[in-house]
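The values are calculated or read from the model by the stated rules, or taken from the named source; none is laboratory data. Note that the structure is a prediction, hence the values are computed from the model and not measured. Cβ sites come from the backbone with ideal geometry, for glycine too, and all protein chains shown count toward neighbours.
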């Protein structure tokens, strides 16, 4: 039996909570009171107390909103206040909190590792055993998601578990046992995984650690599925699901429904398997593409940008101080031609250095923005491809097998059952193919951009009354896989917008290729609009993808006269 890999999202689920889809911040009276308390403490320059209250605020935000930007913002404020008062223990303890928080999101793993390693180095110097154990476990949680898993990880986790037992740290001992179960599951050793998950579950129940209870039940279900005991696996998944659902733990619900679909399929319960897989897809959309999840990634980049801004301000302050000295030199050396010449030279050099530093700072900010955009886009496409493969290779194959079986036994079925059954199977197969193809178009990955666009045009003509025309001139553009996917998504978004909103009779897609440039236009004869909305997600996504590829987008539309969108894309930039 093929075991689904348990991803990083379940490794440290400290009651992740609901992922908020909105941005409205409705503070409770307690949070509002604590925020006012922080402002008062800052005004009085009581930095340590302000740092401790900020930590408390971060915890309350987490309880109320789950994985959210407000908690991270509170932790960053706490870092600042601890730094001002010189409290190194508090400062690096917040590093652990931030590192733990970032482990929820795959794209923040590198940042999480950096924060935890800085904290570990400090607590090793100060010989704080409890914090050393905590850092080692959190880093092991990150390492066990890497490929391949280091062989030394088992030894390190066993050593940390024994140290936790010796120092009577029952919480960390239970967590170490759970990480051992996780690692053995990932290396396909179900007996060892079951042993450690059972021990961890017992300790978690004794300490009433809800998230750890749910996680151990999940791994026990996986070990049952390893041995093809699907019914027992589903029972464990359901127990874990109830706990995760009670706290709206979206990331864990996503994994539970995905593994439940696998177990249902092994029991030939294809309807339940299909429903579970659709649930998993919905949870994936809710977590990965929520505004809150994206905002946390941007929060870390904003922190780095602010650090650069502080450094730039220090340089400016130093320059200002130097200019004051220069002014004094002007008075002292005014009568000296040599002095005047020297002063002019120094001021020119300072101006040049300041300009160079400003340019460097801008370049660093731009690089950080591009890295964030690349990570988000790669994550979206990677998750789309994985879900599409799961639908096609898993549920799609099972549905096809059912259809062949029914067709082979047509004569044995009553006429009143045969036709509805065939219709239901055809609809399920069609819907599965449509979902899979929308997530990762087969024609694009197999034949390239031009055939994929031709296939898209044909499909749109089949299901819509609007006439869709595709014309292309010149050689097939040489694009990287990443650029082809981005350009395909942009064109797909433009055509879908025209079909939904333009009320057009004809939509024309044209692609003109030269040696250095690709020109793409999408024109319709619909109702048009006075001014395109710049706040919608669709237009924002189109603009960000084309900007990333180094291209330009131009919109032209008038009410009643249709809409024309022109994209200019440099081929050398997009192909690299």
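Listing for the model above:
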{"item": "Condition met for residue 497 (touching a strand residue (DSSP E or B) at 6+ places or on another chain (Cβ under 8 Å) and either at pLDDT 85 or above or surrounded by fewer than 16 Cβ atoms within 10 Å (Cβ to Cβ) (or both))", "result": "no"}
{"item": "Selection within segment 223-243 - in contact (Cβ under 8 Å) with a residue 40 or more places away in the chain and in contact with a helix residue (DSSP H, G or I) (Cβ under 6 Å, 6 or more places away or on another chain)", "result": "225, 226"}
{"item": "Helices (runs of 4 or more DSSP H) (entirely within segment 113-195) containing at least 2 residues that are at negative phi and touching a residue at least 60 places away in the same chain (Cβ under 8 Å)", "result": "129-143, 170-186"}
{"item": "The one condition in (1) in contact with a helix residue (DSSP H, G or I) (Cβ under 6 Å, 6 or more places away or on another chain); (2) surrounded by fewer than 18 Cβ atoms within 10 Å (Cβ to Cβ) that residue 95 fails to fulfil", "result": "(2)"}
{"item": "Meets criteria (closer than 28 Å to residue 447 by Cα, modelled with pLDDT of 80 or more, over 26 Å from the mean Cα position of the chain (by Cα) and surrounded by 14 or more Cβ atoms within 10 Å (Cβ to Cβ)) for residue 522", "result": "yes"}
{"item": "Any hit, segment 497-504, residues being in contact (Cβ under 8 Å) with a residue 60 or more places away in the chain and in the same structural domain as residue 450 (by TED's automatic domain parsing)", "result": "yes"}
{"item": "Residue list for segment 470-488, restricted to those being in contact with a strand residue (DSSP E or B) (Cβ under 9 Å, 6 or more places away or on another chain) and part of a helix (DSSP H, G or I)", "result": "483, 487"}
{"item": "Segment 248-275, residues that are within 19 Å of residue 401 (Cα to Cα) and in a helix (DSSP H, G or I)", "result": "261, 262, 263, 264, 265, 266, 270, 271, 272, 273, 274, 275"}
{"item": "Residue count for segment 505-519, restricted to those that are at pLDDT below 85 and either closer than 21 Å to residue 544 by Cβ or not assigned by TED's automatic domain parsing to the domain that holds residue 458 (or both)", "result": "0"}
{"item": "Answer residue from segment 242-257, given it is within 18 Å of the chain's Cα centre (by Cα) and closer than 19 Å to residue 225 by Cβ and is surrounded by the fewest Cβ atoms within 10 Å (Cβ to Cβ) among those", "result": "253"}
{"item": "Residue in segment 537-554 that is modelled with the highest pLDDT, counting only those that are surrounded by 15 or more Cβ atoms within 10 Å (Cβ to Cβ) and out of contact with any helix residue (DSSP H, G or I) (no Cβ under 8 Å at 6 or more places or on another chain)", "result": "543"}
